Each structure stands twice: as C-alpha cells, then as structure tokens.
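Nothing in this text is a laboratory measurement; each read-out follows from the coordinates by a stated rule. Predicted, not measured: the structure shown is a model, and the values here were computed from it.
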Amino acid sequence: MEAASPLRGAASFQLNPFNVGMEQAERHWYVAVVRRSTERYTRDQLTQLGYESYVTTQHEVREWRNGRKKKVERVVISAIIFVHVTEQERLDILKTGLLFRFMTDKARPVNEFGRHPLAIIPEHQMEQLQFMLFHADRPVEFIPGRLAKGTPIRVARGALKGFEGTVLRSEGLATVVCTLDLLGCATISISPEDLEPI
C-alpha cells in the first residue's frame, strides 16, 4: 500500500465534528483501527512518515511440535495501534489510507455536531502499558472492558456485520445474544475486535 506524504505545516487547522475544543499543537495518544495482522506494517509505515506510533507487542518463546523453539513478537491488542500526534497530524494520517478510522469515546456525551469525541489514552496510562509489556515475564492478555456483560453491541465486520445484540458473557470471545421475549434467546461467540458498543 502506497502512503501519501504528510502535509507538514502546510495545511491550516481544520474544524471537524470530532476535534471541538482541542488544541492544534498538543499531542495526544489516539486509538487507530487497522486491518488485523497489519499492526506492525502500519507502525513501520507511519514511522517512515515521521509519526510516533505504538503497537502492543510482547516477545515470547514458542515451541513447535518438532521441539524447535523460536522467539516471536506477539501482538497483544489486535487491529489497534496507538498514534501520538497533534490533531492536524491525525487528519494528515487519515489521508494516507493506512488505517480504517480513529476510535471515538462513546462513554462521553456527543458534541454540538452530534458526534462522540475521539478516544484519547492519557499519557500515564500509555507509559504503564508500555512498561508492563516490556518488563512482563509472562504473557499479557487484554480484556476489553467496553464489552462488559449487558453491553448493547453492533457487529462491525464479518458475515454478521450490522447485527445488533447484547453481550451475555465477555471472557475471551464475547457471547452475543439475540433475545426473543416470548421464547428465549439465540447466542453466538464473536471476537471482541469485531464488535462495537451502541
């Protein structure tokens, strides 16, 4: 995938429905959604363009059936990269086509444009996450807190894209339920990365 060059300093700050009240030059950790298995590729492409980004990876040793051992880099939070940029740089990155979108924070109220604000990870939380992944001597697993039991969701990808239901269980794969009030409910297990809260 060919990436467009960022417009460093050439474009003026643009008002859009997501960045109301934000400072142009202040850098934040935004949450970008990318295609699965492209997290490291996207990070490397953004690095070449001069942007700071972070992929949650952990080195671990895997043993194959033939007894061979190999050190591998495992992605802990799939389909997500964290990008440390200003608002204008974020808009420039969107033009490269390297990612799907930036995640919004649906727990916060909508702004005057009727949009939820962008999800921003506080600096100290990013530092703690990086510290844990770098120093941990055992596998780190990520549990999506946003998909707690009872969360209304919509399937964002796959054969069930557009389906709306409720999370029944959220350990590992999320168990999504379709309720028929008079009869009972049908359930299916879906990866949390394929779901979004509504």
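Using the empirical formula 2.2 N^0.38 Å as the baseline, the Cα radius of gyration of region 111-160 reaches a ratio of 1.65.
For region 58-147, the alpha-carbon radius of gyration amounts to 1.44 times the rule-of-thumb value 2.2 N^0.38 Å expected for a compact globular protein. The length gained by stretching the chain between Arg35 and Glu127 to full extension, at 0.36 nm per residue less their Cα-Cα distance, is 30.7 nm. Only aspartates and glutamates eight or more places from Lys69 in sequence, or on another chain, were considered; those with a Cα closer than 18 Å are Glu60, Asp137.
Starting from the Kirkwood Rh over alpha-carbon pairs, what translational D in µm² s⁻¹ does region 67-118 have by Stokes-Einstein at 10 °C and 1.306 mPa s? The partial results should precede the final answer.
On the way: Rh = 14.2 Å.
Stokes-Einstein gives a translational diffusion coefficient of 112 µm²/s.
Based on the convex hull around the alpha carbon atoms, region 26-89 presents an average projected area of 5.1 nm².
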